[in-house]
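Reading through the structure tokens given below for one structure.
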Amino acid sequence: MRAYFVKRVLQGVVAIVGALLIVFVAQRLSGDPVALMLPMDAGEAEFAAMREALGLDKPLPAQFGIFMVNAVQGDFGDSYQWQAPAMTLLLERLPATLELALAGLVFALLLAVPLGVVSSVHRGGLVDRAAKVFAMLGQAVPGFWIGLLLILFVAVELQWLPAFGRGGLSNLVLPAIALGWYPVAAMTRTLRSSMLDILDSDYVRMERAIGLPERWIVWRYALRNAMVPLVTMIGVYFANMLGGAFVIEVVFAWPGIGRAVVDAVFARDFPVVQAGVVLAALVFVAVNLIVDLSYGLIDPRIRHAKA
Amino acid sequence: MLRVQDLKTHLFLKRGVLKAVDGVSFELAAGKTLGLIGESGSGKTMTGLSLLGLPPKPAGRIVGGTVSLDGRELIGLDEKTLADEVRGRQIAMISQDPMTSLNPVFTVGAQVAAPIRAHGLGGDSRRDAAHLAVEELQHVRVPAARQRARDYPHQFSGGMRQRVVAAMAIACRPRLLIADEPTSALDVTIQVQLMDLIERIQAETDAGLLFITHDLGIAARVCHRIAVMYAGRIVEAATAEQLYAEPRHPYTQGLLASVPRLGRRDKRLISIPGNPPDPLALPSGCAFHPRCPHATERCRVEAPPTVMAGDDQVACWLHA
């Protein structure tokens, strides 16, 4: 398990270095930043001075070295808009995005786990068929549209919950539903099919043959086995929610990372965009690492496996 | 103790009705062992599952017959009663494959404790049940049971896993133990150890043992009586001595002629011509007639009745 863990960490480091390389290259390809920074009437001497000040006169490998040294320290330069370190700006907004993504995930699981289990136990039954339709709707309809409908009906018409902004739990509900709706479908289907396999296994037959209550067999003994493929999906979707929540963040005026990066793109605020890309890569790697570790918690065969 | 009469379990498949168990009757006394012998597909496992009220879902259904255990009729009991009072409590099964019969993500101790807790025999606390589970593991001679209870199935060898399965089955001291080919997945030396263990447990608890196997060698060693199944029916049942000395049914005669030595595990029977019948399209009359050297016109048309000869039974026109 330890060797396995070390291997996964190293793979994560490679992924992050890759992201940094892409950010660096994209920056060099996107035109001359000095031209953007200097006034229109600046002369050749001022250009040269600015290039030297920014280190842009050095050869590319040297520039990459400097970039990497800074990046490792979390320094992606100052935001053009806010005159503050780009990474600091984003890290301030990270809790809001984490909160939203976690709430979305909890919502998705609260629906998907019971639906998946009941669908597998009563295969072809009412819940199974209803869940299928419900899940299809979830995947066919974009999250922002669900968000807009929720705002329209729940917030504006019924006035039950606030329409936008971050604050208490009541602010969290609508964006969490809009964000968590999409993965419910895939999670329900995945859990259903792995539950069907397991409910048909020899050990479930054995558990029935010694008279364990069906409730225990389904919700305890079978569900834990069926969780492994679901955990993989949780990892993928949670990372997507963290990195891809910006649409929902814009719809609900949620002060998260996604919205900050979108704003930065429109403002051509390059350091913030770069920091955002690298942060997203970091989050992906971290989430995948947590997922890998949790396999071991669920399945002792993975925990004891020699890598 | 156990009386099964005219038990019928059919599988309702898309392609037709498969009469997996088609009118099986037998009796088994406490402390005795009945061998149920036959080729794969002859309905012996399905008979065992039917006693537990567990025909495979959703196709399988018990369509007729009675099963009475210590005077109580089991056919027709609802699911909850079966789970609470019968399965694990009165009847338990040791299943075929120890490698797949244990839940991979729970400790062995927890799995042996589960039936004890489910049937309310472990006192109030989880700890008492865990303690009893360790005792059961000691009972089936798992070495260092206290430590090993905390291990997971994949940390056990095949023979040890089968012991764990046995511990789960006997944890609540069932009156009837069904052992479904408990040794066929094991090495020969381990087979012998396990059979000794099962016999010892049976002697201690005075349970009846229904021993399902295709291995005539092992059956001869452990069974008091043997019932031979073919195509969902018992074609012959007799004491082990009688059956081996003087087999009455041509199928039994064929089986014994091809008898494997102890330890040989060929599944194919060499000396009986032809193949087991398609269970969805059984031959008319006696299902064995296309393979039977003594078949007459009557065998083709009319199924033979089951005739009693003392305590023994045989279903063949030669003896009708």
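The values are calculated or read from the model by the stated rules, or taken from the named source; none is laboratory data. Computed from a prediction, not measured in an experiment: that's the story for all the values here. Methodologically, a virtual Cβ is constructed for each residue, glycine included, from the backbone with ideal geometry; neighbour enumeration extends over all protein chains shown.
In region B:212-242, how many are assigned to a helix (DSSP H, G or I), hydrophobic (A, V, I, L, M, F, W, C) and touching a residue at least 40 places away in the same chain (Cβ under 8 Å)?
5
Considering only residues that are over 19 Å from B:GLY159 (Cα atoms) and among the hydroxyl-bearing types (Ser, Thr, Tyr), look in region B:193-233 and name the one that is modelled with the highest pLDDT.
Result: B:TYR230.
Of these, A:LEU191, A:LEU196, A:LEU212, A:LEU279, which one is in the same structural domain as A:PHE107 (by TED's automatic domain parsing) and free of Cβ contacts under 8 Å to residues at least 24 places away in the same chain?
A:LEU212
Scan region B:79-109 for residues that are more than 30 Å from B:SER68 (Cα to Cα), surrounded by fewer than 19 Cβ atoms within 10 Å (Cβ to Cβ) and more than 7 Å from every other protein chain (Cβ to nearest Cβ) and report the count.
Result for region B:79-109: 1.
Does B:LEU11 meet the test of being assigned by TED's automatic domain parsing to the domain that holds B:CYS223 and in a helix (DSSP H, G or I)?
no
Within region B:114-144, take every residue that is hydrophobic (A, V, I, L, M, F, W, C) and touching a residue at least 40 places away in the same chain (Cβ under 8 Å) and give me the one that is nearest to the other protein chains (Cβ to nearest Cβ).
B:ALA114
How about region B:149-174: which of its residues are more than 12 Å from every other protein chain (Cβ to nearest Cβ), buried (at least 18 other Cβ atoms within 10 Å of the Cβ) and either in contact with a Gly (Cβ under 8 Å, 6 or more places away or on another chain) or among the hydroxyl-bearing types (Ser, Thr, Tyr) (or both)?
Within region B:149-174, B:ALA149 is the sole residue that qualifies.
Of B:LYS19, B:LYS8, which residue is surrounded by 16 or more Cβ atoms within 10 Å (Cβ to Cβ), of a type in the set (Lys, Arg) and over 17 Å from the mean Cα position of the chain (by Cα)?
None of the others qualify; the one that does is B:LYS19.
Would you tally the residues in region A:161-170 being without any contact (Cβ under 8 Å) to a residue 40 or more places away in the chain, of a type outside the set (A, V, I, L, M, F, W, C) and either buried (at least 17 other Cβ atoms within 10 Å of the Cβ) or assigned to a loop (DSSP other than H, G, I, E, B) (or both)?
Count: 3.
Considering A:PHE270, A:PHE284, A:PHE266, A:PHE238, which residue is surrounded by fewer than 21 Cβ atoms within 10 Å (Cβ to Cβ), among the aromatic types (Phe, Trp, Tyr) and in the same structural domain as A:GLY138 (by TED's automatic domain parsing)?
A:PHE266
Hey, B:LEU137 hits all of (1) buried (at least 22 other Cβ atoms within 10 Å of the Cβ); (2) closer than 18 Å to A:TYR221 by Cα but one; which does it fall short on?
Checking B:LEU137 against (1) buried (at least 22 other Cβ atoms within 10 Å of the Cβ); (2) closer than 18 Å to A:TYR221 by Cα, the one that fails is (2).
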